[in-house]
Each structure stands twice: as structure tokens, then as C-alpha cells.
1. Scan the stretch B:191-198 and tell me whether some residue there is at pLDDT below 90, in contact with a Phe, Trp or Tyr (Cβ under 6 Å, 6 or more places away or on another chain) and crowded, with 19+ Cβ neighbours inside 10 Å.
2. Take the residues in the stretch A:51-60 that are crowded, with 16+ Cβ neighbours inside 10 Å and assigned to a helix (DSSP H, G or I), then tell me which one is nearest to the other protein chains (Cβ to nearest Cβ).
3. I need the full set of residues from the stretch A:89-143 which are of a type in the set (Lys, Arg) and over 22 Å from A:Thr55 (Cα atoms), in order please.
4. Look through the stretch B:204-221, keep the residues that are among the aliphatic types (A, V, I, L, M) and touching a Lys or Arg at 6+ places or on another chain (Cβ under 9 Å), and return whichever of them is farthest from B:Arg182 (Cα to Cα).
5. If you go through the stretch A:170-190 one residue at a time, do you hit one that is within 14 Å of chain B (Cβ to nearest Cβ), touching a residue at least 24 places away in the same chain (Cβ under 8 Å) and within 21 Å of A:Ala288 (Cα to Cα)?
6. Just to check your reading of the model, which residue among B:Ala286, B:Ala267, B:Ala296, B:Ala311 is modelled with pLDDT under 85 and under 17 Å from B:Ala252 (Cβ atoms)?
7. From the list B:Ser118, B:Ser64, pick out the single residue that is outside any loop (DSSP other than H, G, I, E, B), over 24 Å from A:Ala12 (Cβ atoms) and touching a Lys or Arg at 6+ places or on another chain (Cβ under 7 Å).
8. Checking B:Arg184 against (1) part of a helix (DSSP H, G or I); (2) farther than 19 Å from B:Gly300 by Cα; (3) out of contact with any strand residue (DSSP E or B) (no Cβ under 6 Å at 6 or more places or on another chain); (4) away from chain A (no Cβ under 14 Å), which test does it fail?
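The values are calculated or read from the model by the stated rules, or taken from the named source; none is laboratory data. These numbers come from a predicted model, not from an experiment. No Cβ is skipped: glycine too gets one built from the backbone with ideal geometry, and neighbour counts run over all protein chains shown.
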Amino acid sequence: MNAFAGFVRKEAFHILRDRQTFWILLLMPLVQVLIFGYAVRTDVRDVRIAIVDPTPSTATRALVQRFASSTRFQLMGVYPTMQSLDDGFRSGVLRQAVVLPRDADRLLRGQATLPIQLITDGADPNTGSVMQSYATAIIQRWHAESVVRAGSLRIDLATRMRYNPTLESVNLFVPGLIALVLTIVSAMMTAISITREKETGTMEMLLVSPLHPWAIVAGKVAPYVAMGFANVLLVLGAAWGVFGMPLRGSLVLLLAECLLYILNALALGIVISTSAQTQRTAMIAALAGLLLPTLMLSGFIFPLESLPTPLRLFTNIVPARWFLLIVRGIMVKGAGLATLWQETLILVGMTLALLVLGARRLAIRLD
Amino acid sequence: MDVAAPPAVDVRAFTRRFGDVTAVDSLTFDVRPGELFGFIGPDGAGKTTLFRTLVTLLVPDAGSVRVLGYDVVTDLWTLRSRVGYMPGRFSLYPDLSALENLRFFASVFGTSVEEGMSIIEPIWRQLAPFADRRAGALSGGMKQKLALCCALVHAPEILFLDEPTTGVDAVSRREFWDLLDRLRDGGLTIVVSTPYMDEASRCDRVALMQQGRILLVDTPAAIRAAYPRPLFAVQAPDRLGILAVLRRFPHAAAVWPFGDVLHYTDARAGMDDGAIIDEVRAFVQANGVPSPGISAIPAGIEDAFMWHMAAGTAGEQVG
């Protein structure tokens, strides 16, 4: 039997017989999609809002009506004074409040500015700023309409979010989730499975064989390529089926780029395994060295623009950063290779560099 | 055994260090084709470092190490397909069945179980009933036989076994050595290491290793015959009491507990056995211990090793 086929068979046995790990690896991505999709949404719904209107009029009732009919907001009440707001915010009954000035109706007709106060619960800054922008949009639209109706001329600023007009967070997290899952399955599992052979002593037997260490590593990682690819399909399927995420670009290109990223993660796993002697070390190295940058420094959770300069420069060597740009480009913007060739080239370069590094460090002996 | 043929293993002044520790210190020896050659020595003697170097896994710091005429450093790839190796811990995959383990190692060495069956058949016959059992659930003796099959399946020209019987029960150990006998009779050169001195007598030649050096190399019979002093077995109910007394006897060269008896070596060569027995008995009784049973015995291989190891340690302390 061919040595490579023998390796793939053996490695597949390892994966399939460790039932717990197998199901965790296969289902974890699916569970993560559902969690991110339902629970960890950054787009907000049903924000509990109160409106303070000391002098109700037709115009202000129109604003109340706008908030009441929006699915983003849940109107908790319209009050004449600000007295009850503090308690509402503190107990969490209220997350946002719009405070209209006295005689809003009169101010709308005049030339003076209309001072409206928008109070937002900033305990969670991310959702806070999202709530703020939704409320602002509603107020602006109402203001523009009221002013036109009132007969004066004002500047009308029309804002629009391109590609993701409703700011659906599924479009944001699915690419990041693919990167995260592939880092775990491809990089961490390869590193662990190679160091396991070192730890149990089987590597000693394999090294004495006429196989070059490269053949050993290739045989070992091949099943993880398949596993990673299955995960990509699962995540994409769930994103499309459950959350209706669009795929505006080419599916073939998307899958090819995912394959490239799988190879990149595998190469990282191999490099880790060349220096780690135990499974524990390999796991910690993969978690701290790969998982955290993939989460934090790729633009998945924190916008790259908000990072301090040294960290922002560092993100350039985080493969997930480029992968995220590619996947978002293909899925959300419908971009093709013509626009994404730079990012793709960077990923190809990184993968080759890592493979060369891994090859040079792969020992043909024990020392 | 063909004494005139070039040696299967040829080691000259081989030294290997790890940091400040010299694991193997200027070792010189050879193994003849078809020989069953044993390395005996305590843990830390440098046996594993030596074996790993012989199978191309480590590089010597100094000296030359040649196996089957090939240099272990420069002819690495030529050698790797020709040697069989069983590392200290039997390296098997516990979640694969016995047969799957064997199949895998056969494929890694570029052969198949069917092709290798003629070589491993005598061993595999004992394992066949457990072919589908996971390796992790096999007994120690079975694991060890399976590891031997895996190391042999590609028909190597020479077999290196690093402490194959450590942690295995006495019956399995004997069965294992019977298998090695058969393999040697089939013409295979075997180099084996063991911490068990009783296994030394099953080798054609043995080398006694201690602290990275070889203390002596010879056939077990020659090593026994060369014991330099009169040796006696001393039998008494209070073993520890008499041990302490004997060690104070002015002419005692060595006193070691051996199972339920003591082995006493007298420092005076060429003296009559009966005279020594009388003197020892008198000394013991004078120290308040009841008269023991004393008889002159021929040295066993263990006595010889204990003697040389004590001498080696003494030399170390003086030097």
C-alpha cells in the first residue's frame, strides 16, 4: 500500500475514533454560527426607548409614531418630564430616550435650531453607538419631513450604507467565523496531532522509516484539509440557509480562497509543531499565537481603524485580516479576482513563506 | 556467525554530549553479522543515546558510527530502509487495532503485511487472535510482540531493540527472547539493550555499559569464567544482619543480596575454599550471628557484572 494512502487512512481512524473531538470539531462551527447569528448580534432590535415631550403637537406625535412603528425600537412611553428617565435607565427598563424641547412645534416653524437630546445607555459601547445611529436616522428623517411640511427650505442629507444597507451583522461575522474555525481545525489540530506523535514516541519510529519528514507531515495533514473544507461548507450553508446571507460573488472563487486559507492555517500548525514538544505546548501556542490575533486583530471583532498604530501595523501579518477582506469582498460586494488579487497574493505569499519555514525547521533526526 | 565478514556495526571512539552531560563517552565496539549482541547496564548508562545514534536519529559529536557499512550521518537514507528499530517505549497507536498498526507501519516502510508475512509469521501467529483488538487494550507482552512485528515487517537487515522487555512480565520476557533466538537463527543481526542482567546470558556477546562507557565486551561464558575471586553463597535466616556483619569482615571484597541468599566474594585469590568458609563462619559467630550455611559457587553473569560495575564506579571515584 502506498505510504501516503496509509497515512491518510491511519489519520482518518484517529479522527473518527475520537468521537467526542470529532463531533466537537464538526458541530462547533455550526453552533457558533447560530450563537453569533441569534445572540451576539451587533445590529439591534427592540431597543426600549422613551420619549419626553413637554408640549405634544401633531409634529411631535409624528416622531412618536415613527419610533413606535420601527422594529428596531420598542416604545415604552411618552412622558411630559425627564423625571422617570433616571430610574428607567438604572433598572434597565430603558436603553434610550429622546428628549424634545418645549414648544418643538413652534421651533420647527421658525429659523432657530431644534435642540433635541438623545440619551443612550452606553454600558455596551458597540450596541450603544449602533442604537444611537438608528435613532439619529429616524429623527433626521422626521425632521426633514416636518421642515418641508412647514414650508421652509433645509439641507437634506441622505445617507446610505452600501452593500449592507440594513447593517446586518451576519455579513460581518460569517467571514470572521470561517477564519476562526479554520484556525482551530486546521492550525491547532495539525499542531496537536503532530506533537502527539512526538509525545507518545511514535515519531521516533516514523523518523527511522525511509519516508522523508515532508511525506509524513503531508500524510498527517491531508485529512484535516478535508475536515476544514467540510466546516467551511457547513458555516456557509448555515449562514445562507438560516440567516439568508447573500453570496454576490463566485462560489468557486470563494471556496478556492477558503482552501488557500486552510493551507495557510496548516502551514502555521506545522511551524508550531516543529518547536512544540508536547500537545499542551502546541495547544497553548495555537490559542495564544493564532486564535487571539484571528479574533482581535483581523477586523472580526474590533475595527482595524480603532486600533493603536503599532497594533494596526501588526495586523498586516495576520493572515485572517486579508482573508476577511477577501471573503467580505466576494460574499457581500460580489467582487472578483480582478479586485481581490492583491489580498490573494499576500495570502499566497504568506502560505509559501510559512511552508518554507516549516520545511527548514522540520527535523530529519531527533536533534 | 561469520567472524571474517565486515562487521554489521562498527563504532570507533563515538562520543555524544547533551549540554554538559556526556551521555556516551568514546565508545568502541563492533557487532558481527548474524550476532545477537546485548547491551546491559542500568538506567542512564547511555544505552538509548547509543541506539538512537545507531538508527540515524542522533548525530555523534565525535568518532565514527557505521551500520551495515554505511555511515549513520552521511548515508542516512540508505540506512533507514535497511534497519529495523523498536524504541524504548513501544510506539504503537492505542486507538488502532493490532492489524491496523501493522498495516500502517508496513505502508510507511514501503511494503505490505502480505509481503512481510514470511518474516513475521512466527510472531504474528501468536497475535492473530487479537488482530482486531485495539493496541491500547493488548497486554504488555502482546504489545511488545506487535511492536516487534512492526519493526520487522519490511525485512530489515539488522534489528535494534532498545529495552524491549522493560515492564513486561517474566513469562512474556522469556517468550520474547525465544523469538529473538529464532530470528537470529534465521540469520538476522540483532542488537538489544536491557537493564535485566539475567537476559545477558541469552546473547552471543554482551557489552556492560555504565555511565556512557563500555566496561567489558565478551561472551557470557567467558565473562562468568573470568570472575577474579572465590565466590560463596551464604544462607541465613537474618539476611540483613549477616550482610552488615560480612561487610565488616576484613577480607570481604563484595557482599550482595541475591534473592534469598547472599553472594560473598573473598578478596584473596588462590586460597583454599574450605579455609575461607571456616574463617568466615568463625567471624560471623564471633559477631553474635548464628552459624550460616556457606558453599562455594561458580560466578553467574550477574556476579560478574556487579563486580565490574563496582570496580568501574571505584575507578570513577579515584579518577
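1. Kept after step one, since they are at pLDDT below 90, are these residues of the stretch B:191-198: B:195-198.
Those still in the list that are in contact with a Phe, Trp or Tyr (Cβ under 6 Å, 6 or more places away or on another chain) too: B:197.
Those still in the list that are crowded, with 19+ Cβ neighbours inside 10 Å too: B:197.
Within the stretch B:191-198 (the criterion being at pLDDT below 90, in contact with a Phe, Trp or Tyr (Cβ under 6 Å, 6 or more places away or on another chain) and crowded, with 19+ Cβ neighbours inside 10 Å), the answer is yes, since at least one residue qualifies.
2. A:Thr60
3. Let us first name the residues in the stretch A:89-143 that are of a type in the set (Lys, Arg), namely A:90, A:95, A:102, A:106, A:109, A:141.
A:Arg90, A:Arg95 - these are the residues of the stretch A:89-143 that are of a type in the set (Lys, Arg) and over 22 Å from A:Thr55 (Cα atoms).
4. Step one: filter the stretch B:204-221 for residues among the aliphatic types (A, V, I, L, M), giving B:206-209, B:214-217, B:221.
Those still in the list that are touching a Lys or Arg at 6+ places or on another chain (Cβ under 9 Å) too: B:209, B:217.
Values: B:Met209: 26, B:Val217: 23 Å.
Among residues in the stretch B:204-221 that are among the aliphatic types (A, V, I, L, M) and touching a Lys or Arg at 6+ places or on another chain (Cβ under 9 Å), the one farthest from B:Arg182 (Cα to Cα) is B:Met209.
5. Quick first cut of the stretch A:170-190, residues within 14 Å of chain B (Cβ to nearest Cβ) only: none.
There is no residue in the stretch A:170-190 that is within 14 Å of chain B (Cβ to nearest Cβ), touching a residue at least 24 places away in the same chain (Cβ under 8 Å) and within 21 Å of A:Ala288 (Cα to Cα).
6. Numbers: B:Ala286 fails: modelled with pLDDT under 85; B:Ala267 fails: modelled with pLDDT under 85; B:Ala296 fails: modelled with pLDDT under 85.
Exactly one residue qualifies, and that residue is B:Ala311.
7. Values: B:Ser118 fails: touching a Lys or Arg at 6+ places or on another chain (Cβ under 7 Å).
Exactly one residue qualifies, and that residue is B:Ser64.
8. Here B:Arg184 meets the rest and fails (3).
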